[in-house]
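**Student:** Here it is, the structure in full.
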Amino acid sequence: MTSFTKVVLFTDDDGRARFRDEQVALTEGSPQAALSSLLPSGGYQLRQSPVGFRSQFHCSPHPQWVFILGGTMEIGLQDGSRRRFGPGQHFHSADLLPDGASFDAKVHGHSSAQAGNEPLVTLFVRG
């Protein structure tokens, strides 16, 4: 069976954001064009961030796919680790604030930043 690797940014049981890989089965289509089943979505937004953009730590407002169309995005986690995504790469951002928690910038969420010499262009697809 063919699969697609879905990189997921999620909130772990301790309230901290982490990455994990999940496999999405490609069970439809043909051997030359293997497809997943149809997945739900709730609209999309395009964003351009200038060279030098950097956010504070924050949680995702809702689960969403993030596709990098141009430039480089760097995601920073509370443990000090960072991961970069370039054009054609993606991740599913689902590091939501845990139910009943008050946001604590020393525990929750992730930071995002533009990296390199090109503006960052991203496509956000809610889902």
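**Student:** For the range 62-84, give me the residue count where each residue is more than 9 Å from the chain's Cα centre (by Cα), farther than 12 Å from Phe124 by Cα and either among the hydrophobic types (A, V, I, L, M, F, W, C) or part of a loop (DSSP other than H, G, I, E, B) (or both).
**Tutor:** Result for the range 62-84: 7.
**Student:** If Thr11 satisfies all but one of (1) under 20 Å from Gly127 (Cβ atoms); (2) surrounded by fewer than 16 Cβ atoms within 10 Å (Cβ to Cβ); (3) touching an Asp or Glu at 6+ places or on another chain (Cβ under 7 Å), what's the number of the condition it fails?
**Tutor:** Just one mismatch for Thr11, condition (2).
**Student:** Which of the residues that make up the range 1-33 are outside any strand (DSSP E or B), of a type outside the set (A, V, I, L, M, F, W, C) and touching a Leu at 6+ places or on another chain (Cβ under 7 Å)?
**Tutor:** Thr2
**Student:** Within the range 89-127, can you find the residues that are of a type in the set (Ser, Thr, Tyr) and either in a loop (DSSP other than H, G, I, E, B) or surrounded by fewer than 17 Cβ atoms within 10 Å (Cβ to Cβ) (or both)?
**Tutor:** Answer for the range 89-127, where residues must be of a type in the set (Ser, Thr, Tyr) and either in a loop (DSSP other than H, G, I, E, B) or surrounded by fewer than 17 Cβ atoms within 10 Å (Cβ to Cβ) (or both): just Ser102.
**Student:** From the list Gly100, Gly109, exactly one residue is at positive phi and in contact with a His (Cβ under 6 Å, 6 or more places away or on another chain). Which is it?
**Tutor:** Of the residues listed, the single one that is at positive phi and in contact with a His (Cβ under 6 Å, 6 or more places away or on another chain) is Gly109.
Computed from the coordinates by the stated procedures, all read-outs in this text should not be read as laboratory data. Just so we're clear, the structure is a prediction, and the values are computed from it rather than from any experiment. Methodologically, a virtual Cβ is constructed for each residue, glycine included, from the backbone with ideal geometry; neighbour enumeration extends over all protein chains shown.
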